[in-house]
Amino acid sequence: MTGERDNRMDGFKMEVPVALFFFNRPDCEKEVFARVREARPSMLLLVSDGPRNEEERKKVMETRNYVEEHIDWDCEVRKNYSEVNLGCRNRMASGITWALEQTGMAVLLEDDIVPAPEFFRFCQEMLYKYKDDERIMMVSGYKAMHDFPCSHSYFFSADYPIWGWATWKRAWDLYDPDITSWPGYKADRTFEGTVFPEKYYRQKALEYDKVWDHSYDTWDFQWNYTCIVNSGLGIIPSENLIKNIGFNKEATHTVSDVSYSRGEYGKLTFPLDEPGDMIRNYAYDLAHMERMSGGNRIINRLKRLTGLK
């Protein structure tokens, strides 16, 4: 799609709360916050993990102070700061639960996810439109396959990118951090050939195995699993609206850079061109799985899962 960015034209106001998740990377958070500051949401939810040591405490406090000191518009601010380190899994999961208990719906941004201006309007419109449709579990701002053709402003996917996303409490209430039903689904090979083609199923099964036996400190595989077992769909924009700036040694998972994962912004125009039928775009999901199966991100994550160097 072409056209000039116009995310705040026609009197657009960011009414949906924005939840910011940050920790010990003040430089990254400054870039993310700059975009939030432009959007001027009416409610800001701040979630921070606690430091692991005294040296890290300085960066944690610097990040918190920066955000609080640069809120220069009229908005309600609510904070959920942990004074002890909860880790990636528990801090993110508990923070999302807290945020959605406050408001029922929210836009969610981690400290290395820099959205395009259109991201906020796109998420808000989708959250309002599908708030009572239980088939839809989330809205994503990230389109990994940037050049994949799309005839409308967005499409439906069983791929669940959490680099800049939004959801509702009704969906998150289904979240199972321990994926307790996995042994039964694994025994029946329920997802093989349906959700995941056979050649990619083993990779996903490995990920779920490591989550189920608590050997991997993450929260997002469980969310992916929750959406799948509930036959949910995610919404993905026809144009990528996210850049990930967190590929460095301080990152939890994105340690090595992958050019296509960093992302370049597309141009999404409004009003949105609505799709017709609510059907999974399997061709897109397959193309993404094929790319990811050979990407450095998967290699990095599998190394962390298995303990390989």
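The values are calculated or read from the model by the stated rules, or taken from the named source; none is laboratory data. In this text, all values refer to a predicted model and were calculated from it rather than measured experimentally. Glycine also receives a Cβ, built like all others from the backbone with ideal geometry; neighbour counts cover every protein chain displayed.
Points to keep in mind about this one:
- Of all residue pairs spaced 6 or more apart or on separate chains, those with beta-carbon atoms under 6 Å, a first member in the range 202-220 that is among the aliphatic types (A, V, I, L, M) and a second member that is at pLDDT 95 or above and not in a helix (DSSP H, G or I) are Val211/Ile179.
- Positions within the range 198-231 being touching a Lys or Arg at 6+ places or on another chain (Cβ under 8 Å), under 22 Å from Trp168 (Cβ atoms) and surrounded by fewer than 18 Cβ atoms within 10 Å (Cβ to Cβ), in sequence order: Ser231
- In the range 10-29, residue modelled with the highest pLDDT [restricted to those that are over 13 Å from Phe122 (Cα atoms) and surrounded by fewer than 17 Cβ atoms within 10 Å (Cβ to Cβ)]: Asp27
- Within the range 70-115, the set of residues being of a type in the set (Phe, Trp, Tyr) and more than 21 Å from the chain's Cα centre (by Cα) comprises just one member, Trp73.
- Flag set for Tyr160, criterion: touching a helix residue (DSSP H, G or I) at 6+ places or on another chain (Cβ under 6 Å) and outside any helix (DSSP H, G or I).
- Boolean, Val67 is in a loop (DSSP other than H, G, I, E, B), modelled with pLDDT of 95 or more and more than 19 Å from the chain's Cα centre (by Cα): no
- Only one entry in Val36, Val32, Val114 is within 26 Å of Ile236 (Cα to Cα), modelled with pLDDT of 95 or more and out of contact with any Phe, Trp or Tyr (no Cβ under 9 Å at 6 or more places or on another chain), namely Val114.
- Flag if Glu264 is modelled with pLDDT of 85 or more and in a loop (DSSP other than H, G, I, E, B): yes
- Contacts under 6 angstrom Cβ, first residue in the range 61-80 being closer than 15 Å to Phe21 by Cβ, partner among the charged types (D, E, K, R) and modelled with pLDDT of 95 or more, 6 or more apart: Thr63/Glu29
- Residues of the range 192-210 that are over 19 Å from Ser231 (Cβ atoms) and among the charged types (D, E, K, R): Glu198, Lys199, Arg202, Glu207, Asp209, Lys210.
- Unique residue being within 26 Å of Ser42 (Cβ to Cβ), at pLDDT 95 or above and among the acidic types (Asp, Glu) when the list is Asp132, Asp220: Asp132
- Qualifying residue in the range 44-63 (condition: surrounded by 21 or more Cβ atoms within 10 Å (Cβ to Cβ), within 21 Å of the chain's Cα centre (by Cα), not in a strand (DSSP E or B) and not hydrophobic (A, V, I, L, M, F, W, C)): yes
- Of all residues in the range 139-150, those that are touching a residue at least 40 places away in the same chain (Cβ under 8 Å) and not in a strand (DSSP E or B) total 8.
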